[in-house]
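Student: Can you keep this structure in mind? I'll have questions shortly.
The values are calculated or read from the model by the stated rules, or taken from the named source; none is laboratory data. Bear in mind the structure is a predicted one, so any value in this text is a computation, not a measurement. We place every Cβ from the backbone using ideal geometry, glycine too, and count neighbours over all the protein chains shown.
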């Protein structure tokens, strides 16, 4: 079961791209994967588990190139006491922080690093607020390739230490999250290393589709709502693509849960775009937030995120830091689930959506618990 042979094409100018590219060499646009033909009837590899259980519907990678730490197959915990506190019924938490490096990013990283390894690439460069950097660093170590991770100088100490322990070079950058990306891209241009930027690389998003595949296989019935803390938006885009890939375009859009992207009020460009009916995020004034993992002013895949929200009938909601911290405490004390502030934003968003009547008491909801509490004590 070798997976699907895919091609890369620029989403802006339509130019075909080499599999070593991460953006268009002509216009600089982001690349999208082109999937030939129909989804295969056999979508599951019964001999595998986790992310690579879905190898038949993932981009083709030779078996010897696969880099895995056992990611995926995360359980869903139903949180009755927390739900009751918000007058909700069925609320499930997909415990993505049980992935090997403590966050959902491992789903995309296993695909991306496996792709890089299949091409014989020896150095990866990533920019990250912490979780994706830790993930790329760990999988690079597993693959035996070099990794350089650019992070905000204010990134949580636990995440920086995690990156350093697995042998990656860490480069702290003062300034905004955009400044971190710019520094990473400057090094890519200087060195010729492969850009593993999780917010832009199309192979990372392809791995994120496995979140949807697991929901489909485990639940059978489609949840009415999916609530995701959203910065770069790879999980929103990957989940939407996953449903469309599994069922086909029309049925997939109909069966995908309503996707609700939750942002911090200190940095909520997607919320501004939805409120003003825009197809791209506008310039915003950014303020520091406890949810550093979603502090992304200009998500590269903004158009795809907004499409996923609108075509599923979802929403974008902004929550304040005090709401985030309050829901973090409540979740831990009522359910024993300790998440980082970025993840807690999703629970604050769900509480707000329930209060506003966007989510009804009898609706089935799944929340993506994207990062473990130990990664950012706050």
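Student: Going by the structure shown, is residue 256 touching a residue at least 60 places away in the same chain (Cβ under 8 Å), touching a strand residue (DSSP E or B) at 6+ places or on another chain (Cβ under 9 Å), crowded, with 24+ Cβ neighbours inside 10 Å and within 26 Å of residue 48 (Cα to Cα)?
Tutor: no
Student: Turning to a different aspect of this structure: Of the residues that sit in segment 171-180 and are part of a helix (DSSP H, G or I) and in contact with a strand residue (DSSP E or B) (Cβ under 7 Å, 6 or more places away or on another chain), which one is modelled with the lowest pLDDT?
Tutor: Taking segment 171-180 as the starting set, the residues that turn out to be part of a helix (DSSP H, G or I) are 177-180.
With the extra rule that they be in contact with a strand residue (DSSP E or B) (Cβ under 7 Å, 6 or more places away or on another chain), the set shrinks to 177, 179-180.
Working: 177: 83, 179: 90, 180: 91.
Out of the qualifying residues, it is 177.
This table checks each residue for (1) without any contact (Cβ under 8 Å) to a residue 24 or more places away in the chain; (2) surrounded by fewer than 23 Cβ atoms within 10 Å (Cβ to Cβ); (3) in a helix (DSSP H, G or I); (4) at positive phi.
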position	(1), (2), (3), (4)
227	no, no, no, no
235	no, no, yes, no
238	no, no, yes, no
246	no, yes, yes, no
252	yes, yes, yes, no
261	no, no, no, no
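Student: Any chance you could count how many residues in segment 322-353 are out of contact with any helix residue (DSSP H, G or I) (no Cβ under 8 Å at 6 or more places or on another chain), assigned to a helix (DSSP H, G or I) and surrounded by fewer than 21 Cβ atoms within 10 Å (Cβ to Cβ)?
Tutor: 3
Student: Quickly run through segment 127-140 and pick out the residues that are modelled with pLDDT of 95 or more and either part of a loop (DSSP other than H, G, I, E, B) or closer than 14 Å to residue 194 by Cα (or both).
Tutor: 136, 137, 140
Student: Can you tell me which residue within segment 263-277, out of those that are part of a loop (DSSP other than H, G, I, E, B) and either under 21 Å from the mean Cα position of the chain (by Cα) or touching a residue at least 12 places away in the same chain (Cβ under 8 Å) (or both), is farthest from residue 308 (Cα to Cα)?
Tutor: Of the residues in segment 263-277, the ones part of a loop (DSSP other than H, G, I, E, B) are 265-266, 268, 276-277.
The next check asks that each one be either under 21 Å from the mean Cα position of the chain (by Cα) or touching a residue at least 12 places away in the same chain (Cβ under 8 Å) (or both); those that pass are 265-266, 268.
On the way: 265: 21, 266: 23, 268: 17 Å.
Checked segment 263-277; the qualifying residue farthest from residue 308 (Cα to Cα) is 266.
Student: Test of understanding: among 158, 168, 183, which residue is out of contact with any strand residue (DSSP E or B) (no Cβ under 8 Å at 6 or more places or on another chain) and surrounded by 15 or more Cβ atoms within 10 Å (Cβ to Cβ)? Working first, answer last.
Tutor: Numbers: 168 fails: out of contact with any strand residue (DSSP E or B) (no Cβ under 8 Å at 6 or more places or on another chain); 183 fails: out of contact with any strand residue (DSSP E or B) (no Cβ under 8 Å at 6 or more places or on another chain).
Just a single option satisfies the conditions, and that option is 158.
Student: While we're here: Could you list, in sequence order, all residues of segment 151-170 that are in a helix (DSSP H, G or I) and closer than 20 Å to residue 300 by Cβ? Lay out the reasoning, then the answer.
Tutor: Of all residues in segment 151-170, those in a helix (DSSP H, G or I) come to 157-165.
If the condition is that a residue be in a helix (DSSP H, G or I) and closer than 20 Å to residue 300 by Cβ, then no residue fits.
Student: How about segment 136-155: which of its residues are under 20 Å from residue 342 (Cα atoms), within 19 Å of the chain's Cα centre (by Cα) and either surrounded by fewer than 17 Cβ atoms within 10 Å (Cβ to Cβ) or touching a residue at least 40 places away in the same chain (Cβ under 8 Å) (or both)?
Tutor: Within segment 136-155, 136, 152, 155 meet the criteria.
Student: All but one of (1) part of a helix (DSSP H, G or I); (2) crowded, with 22+ Cβ neighbours inside 10 Å hold for residue 197, so report the exception by its number.
Tutor: (1)
Student: Another question about this same structure. Looking only at segment 64-97, filter to residues that are free of Cβ contacts under 8 Å to residues at least 60 places away in the same chain and surrounded by fewer than 17 Cβ atoms within 10 Å (Cβ to Cβ); which one of those is farthest from the chain's Cα centre (by Cα)?
Tutor: 84
Residue by residue, here is whether (1) farther than 24 Å from residue 105 by Cβ; (2) out of contact with any helix residue (DSSP H, G or I) (no Cβ under 7 Å at 6 or more places or on another chain) holds:
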residue	(1), (2)
236	no, no
247	yes, no
263	no, no
272	yes, yes
277	yes, yes
281	no, no
286	no, yes
290	no, no
298	no, no
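Student: Within segment 293-305, can you find the residues that are within 15 Å of residue 280 (Cα to Cα), in contact with a strand residue (DSSP E or B) (Cβ under 8 Å, 6 or more places away or on another chain) and buried (at least 23 other Cβ atoms within 10 Å of the Cβ)? So that I can check it myself, show each step before the final result.
Tutor: Within segment 293-305, the subset within 15 Å of residue 280 (Cα to Cα) is 296-305.
Filter again for in contact with a strand residue (DSSP E or B) (Cβ under 8 Å, 6 or more places away or on another chain), leaving 296-297, 300-301, 305.
The answer is 296, 305.
Student: Still on this structure, I have one more. Please specify each residue of segment 159-205 satisfying the condition of being closer than 21 Å to residue 288 by Cβ and touching a residue at least 60 places away in the same chain (Cβ under 8 Å).
Tutor: 159, 176, 177, 178, 199
Student: Where in segment 30-99 are the strands (runs of 3 or more DSSP E), entirely inside, with at least 3 residues that are within 30 Å of residue 300 (Cβ to Cβ) and at pLDDT 95 or above? Outline the logic, then answer.
Tutor: Numbers: elements: 31-34, 76-78, 91-94.
Per the criteria, 91-94.
Student: Next question. Does residue 101 satisfy being crowded, with 24+ Cβ neighbours inside 10 Å, closer than 21 Å to residue 374 by Cα and under 17 Å from the mean Cα position of the chain (by Cα)? Spell out the reasoning first.
Tutor: Values: crowded, with 24+ Cβ neighbours inside 10 Å: yes; closer than 21 Å to residue 374 by Cα: yes; under 17 Å from the mean Cα position of the chain (by Cα): yes.
Spelling it out, residue 101 is indeed crowded, with 24+ Cβ neighbours inside 10 Å, closer than 21 Å to residue 374 by Cα and under 17 Å from the mean Cα position of the chain (by Cα).
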